[in-house]
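K.L.:
One structure follows; several queries about it will come next.
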Amino acid sequence: MVRVEDGRIVEVAELDGAPPENSTDLDGRTLMPGLIDAHAHLSSDISRSPGFGPPPALHGELPRPRALGYFVLAKTARALLAAGVTTVRDVGSYDDEAIVLREAVRLGLVAGPRILSCGRIISATAPGGAIFGSMYREADGPDDMRKAVREQLRRGADFIKLMATGARSVLAEDPEPAQMTADELCAIVNEAHRLGVRVAAHVEGLAGARLAVDSGVDTIEHGLSLHREPALLDAMARQGIVLVPTLSTFHDLAERFTDDFAPPLVEQAKRQLQEAYLTLVAARTAGVTLAMGHDSGPPGANAIELVRMVEGGLSALEGIAAATHGSAQALGLPDVGTVTAGAVADLIVLDDDPLADVRVLCEPTRIRMVIQAGNHVASHARAPVLTPV
Ligand SMILES: [Zn+2]
């Protein structure tokens with residue numbers, strides 16, 4: 001029996017006697033924490049989510065209003081919730097869209113998960129800045145890095161995201177060397193921690209991984225090269241730095257969207273995909289806390305990342321723990337991702353046992369209920385059918 005009052009779990013106990021009034025009988029089903037996606041990009045740009053957005057514009061149609069993008073964001077929020085994702089950490093979006101969506105959810109304008117946003121990603125001046133535009137705040141030198149941190153908080157950011165290395169999706173960037181100096185990276189981490197927010201570091205190559213771990217970031221995003229230096233994984237385990245392996249994004253570049261990326265990036269991603277799986281296993285062995293980060297689309301397909309982590313070597317229980325408790329640790333939220341007294345009642349009910357087959361988490365029709373702060377907010381039966389007219 002899980003008793004919920006005022007949005008929180010107040011008791012988890014064996015049921016003694018008849019169920020109390022106003023209770024819901026979940027006999028034969030599974031109750032578990034809502035899923036937490038620790039690495040998402042909440043964006044009206046759904047080019048990596050075929051079929052999710054409006055049909056492509058045809059020649060001759062009037063230009064689409066920019067504001068339609070906010071309806072795509074609202075659909076994103078609902079799709080996440082319907083898939084059992086009750087909390088999501090946005091690690092970079094254009095034009096502050098994630099912050100806008102977070103406020104729309106907070107103010108009750110649209111149903112959606114709890115959202116944490118980094119504001120803009122802090123990067124050294126780099127080719128990626130020319131590609132990612134308003135998703136980035138380029139900065140150079142420790143003082144400018146500090147200012148960039150302060151600007152994100154002014155913007156409404158919940159945490160800070162930085163680029164310790166270049167990005168695998170940018171042809172003119174080599175993701176192997178560090179992109180920031182140690183002084184610059186330390187300035188960001190010190191300023192963020194001084195002001196009470198956490199730091200997520202985009203890390204691909206080892207040099208950036210060393211800088212990020214040494215400077216005490218809170219999460220490492222991607223981190224595919226870490227298997228090459230087990231001492232770094234040991235340090236992460238000791239320091240409580242969470243790894244978000246984002247396996248799905250490597251599948252995207254290496255397999256799913258091969259026609260959309262420059263050929264050298266596809267070849268690079270094929271190598272990175274293998275490394276990401278090696279690092280997953282090495283991190284598990286080293287005792288590093290793992291989190292689930294889909295870093296892909298469409299919104300609502302997030303649990304495929306959990307499935308991939310299990311296929312990569314985690315047990316079903318370890319995968320579920322990563323997608324709930326581990327992700328909550330990544331976000332620094334002690335009261336979500338767990339079914340214990342005192343926690344926020346963000347819960348999902350499944351028709352099946354995910355420990356027998358975690359793939360049921362990818363099937364919306366098997367998600368019986370999604371409960372947010374004690375309220376039944378979504379379920380397959382409740383999901384509206386949307387078809388373009
Ligand atoms: Zn990402």
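The values are calculated or read from the model by the stated rules, or taken from the named source; none is laboratory data. Model, not experiment: these values are computed from the prediction. Cβ sites come from the backbone with ideal geometry, for glycine too, and all protein chains shown count toward neighbours. Remember, those area values only see protein heavy atoms, side chains included, never the ligands or the DNA or RNA. Shrake-Rupley method; radii C 1.70, N 1.55, O 1.52, S 1.80 Å.
K.L.:
Which one of the conditions (1) at pLDDT below 95; (2) within 27 Å of Ile160 (Cβ to Cβ); (3) of a type in the set (Gly, Ala, Ser) does Ala321 fail to meet, given that it meets all the rest?
P.N.:
(1)
K.L.:
Being touching a strand residue (DSSP E or B) at 6+ places or on another chain (Cβ under 8 Å) and either open to solvent by 60 Å² or more (accessible area, probe 1.4 Å) or of a type outside the set (D, E, K, R) (or both) narrows it down to one of Ala172, Ala167, Ala182, so name that one.
P.N.:
Details: Ala172 fails: touching a strand residue (DSSP E or B) at 6+ places or on another chain (Cβ under 8 Å); Ala182 fails: touching a strand residue (DSSP E or B) at 6+ places or on another chain (Cβ under 8 Å).
Sole residue among the options that is touching a strand residue (DSSP E or B) at 6+ places or on another chain (Cβ under 8 Å) and either open to solvent by 60 Å² or more (accessible area, probe 1.4 Å) or of a type outside the set (D, E, K, R) (or both): Ala167.
K.L.:
Here's another thing I want to ask about it. Test of understanding: among Asp158, Asp143, which residue is open to solvent by 10 Å² or more (accessible area, probe 1.4 Å) and either hydrophobic (A, V, I, L, M, F, W, C) or more than 29 Å from Ile36 (Cα to Cα) (or both)?
P.N.:
Every option except Asp143 fails the conditions.
K.L.:
Residues being small (Gly, Ala, Ser), in a loop (DSSP other than H, G, I, E, B) and within 16 Å of the ligand (Cβ to nearest atom): count how many of those fall in segment 217-249.
P.N.:
1
K.L.:
Here are the criteria: (1) open to solvent by 20 Å² or more (accessible area, probe 1.4 Å); (2) in contact with a Gly (Cβ under 9 Å, 6 or more places away or on another chain); (3) among the polar types (S, T, N, Q). Tell me which single one Thr249 does not satisfy.
P.N.:
Going through (1) open to solvent by 20 Å² or more (accessible area, probe 1.4 Å); (2) in contact with a Gly (Cβ under 9 Å, 6 or more places away or on another chain); (3) among the polar types (S, T, N, Q) one by one, Thr249 breaks only (1).
K.L.:
Continuing with the same structure: For segment 288-330, name all the residues that are open to solvent by less than 20 Å² (accessible area, probe 1.4 Å), over 13 Å from Leu247 (Cα atoms) and within 15 Å of the ligand (Cβ to nearest atom).
P.N.:
Scanning segment 288-330 gives Ser327, Ala330.
K.L.:
Counting only residues that are in a loop (DSSP other than H, G, I, E, B) and within 16 Å of the ligand (Cβ to nearest atom), which one in segment 13-42 is least open to solvent (accessible area, probe 1.4 Å)?
P.N.:
The qualifying residue least open to solvent (accessible area, probe 1.4 Å) is Leu42.
K.L.:
Could you pull out the residue among Leu58, Leu101 that is surrounded by fewer than 21 Cβ atoms within 10 Å (Cβ to Cβ) and more than 16 Å from the ligand (Cβ to nearest atom)?
P.N.:
Leu58
K.L.:
Moving to a separate point now. Taking segment 197-216 as the region of interest, how many residues are under 10 Å from Glu176 (Cβ atoms), in contact with a helix residue (DSSP H, G or I) (Cβ under 8 Å, 6 or more places away or on another chain) and either among the small types (Gly, Ala, Ser) or within 16 Å of the ligand (Cβ to nearest atom) (or both)?
P.N.:
Of the residues in segment 197-216, 2 are under 10 Å from Glu176 (Cβ atoms), in contact with a helix residue (DSSP H, G or I) (Cβ under 8 Å, 6 or more places away or on another chain) and either among the small types (Gly, Ala, Ser) or within 16 Å of the ligand (Cβ to nearest atom) (or both).
K.L.:
Are there any pairs with C-beta distances below 6 angstrom linking a residue in segment 275-304 that is on the phi < 0 side of the Ramachandran plot to a residue that is surrounded by fewer than 20 Cβ atoms within 10 Å (Cβ to Cβ) and aliphatic (A, V, I, L, M), with the two at least 6 apart or on different chains, and if so which?
P.N.:
From residues that are on the phi < 0 side of the Ramachandran plot, the pairs are Ala286/Ala237; Val288/Ala237.
K.L.:
Looking at segment 262-281, which of its residues are over 21 Å from the mean Cα position of the chain (by Cα) and surrounded by 18 or more Cβ atoms within 10 Å (Cβ to Cβ)?
P.N.:
Within segment 262-281, Leu265, Gln268 meet the criteria.
K.L.:
Right, next: Do you know which residues across segment 42-82 are in contact with a Lys or Arg (Cβ under 9 Å, 6 or more places away or on another chain) and among the charged types (D, E, K, R)?
P.N.:
Hit for segment 42-82 is Arg48, nothing else.
K.L.:
Under 9 Å by Cβ, and 6 or more places apart or on different chains, what pairs join a residue from segment 190-203 that is surrounded by fewer than 21 Cβ atoms within 10 Å (Cβ to Cβ) with one that is modelled with pLDDT of 95 or more and of a type in the set (Asp, Glu)?
P.N.:
These pairs meet every condition: His193/Asp218; Val197/Asp158.
K.L.:
Residues of segment 351-374 being part of a strand (DSSP E or B) and within 19 Å of the chain's Cα centre (by Cα), which ones?
P.N.:
Hits for segment 351-374 are Val370, Gln372.
K.L.:
Hey, can you tell me all the residues within segment 333-362 that are acidic (Asp, Glu) and open to solvent by less than 10 Å² (accessible area, probe 1.4 Å)?
P.N.:
Asp346
K.L.:
Could you tell me whether any residue of segment 244-255 is within 24 Å of Ala328 (Cα to Cα) and of a type in the set (A, V, I, L, M)?
P.N.:
Within segment 244-255 (the criterion being within 24 Å of Ala328 (Cα to Cα) and of a type in the set (A, V, I, L, M)), the answer is yes, since at least one residue qualifies.
K.L.:
Can you name the number of the only condition in (1) open to solvent by 10 Å² or more (accessible area, probe 1.4 Å); (2) away from the ligand (no atom under 16 Å from the Cβ); (3) within 23 Å of Gly129 (Cα to Cα) that Phe257 fails?
P.N.:
Just one mismatch for Phe257, condition (2).
K.L.:
Further, regarding this structure: Which residue pairs have Cβ atoms under 9 Å apart, sit 6 or more places apart or on different chains, and have a first residue in segment 88-100 that is in contact (Cβ under 8 Å) with a residue 12 or more places away in the chain and a second that is part of a loop (DSSP other than H, G, I, E, B) and among the basic types (Lys, Arg)?
P.N.:
Gly92/Arg120; Ser93/Arg120; Asp96/Arg120
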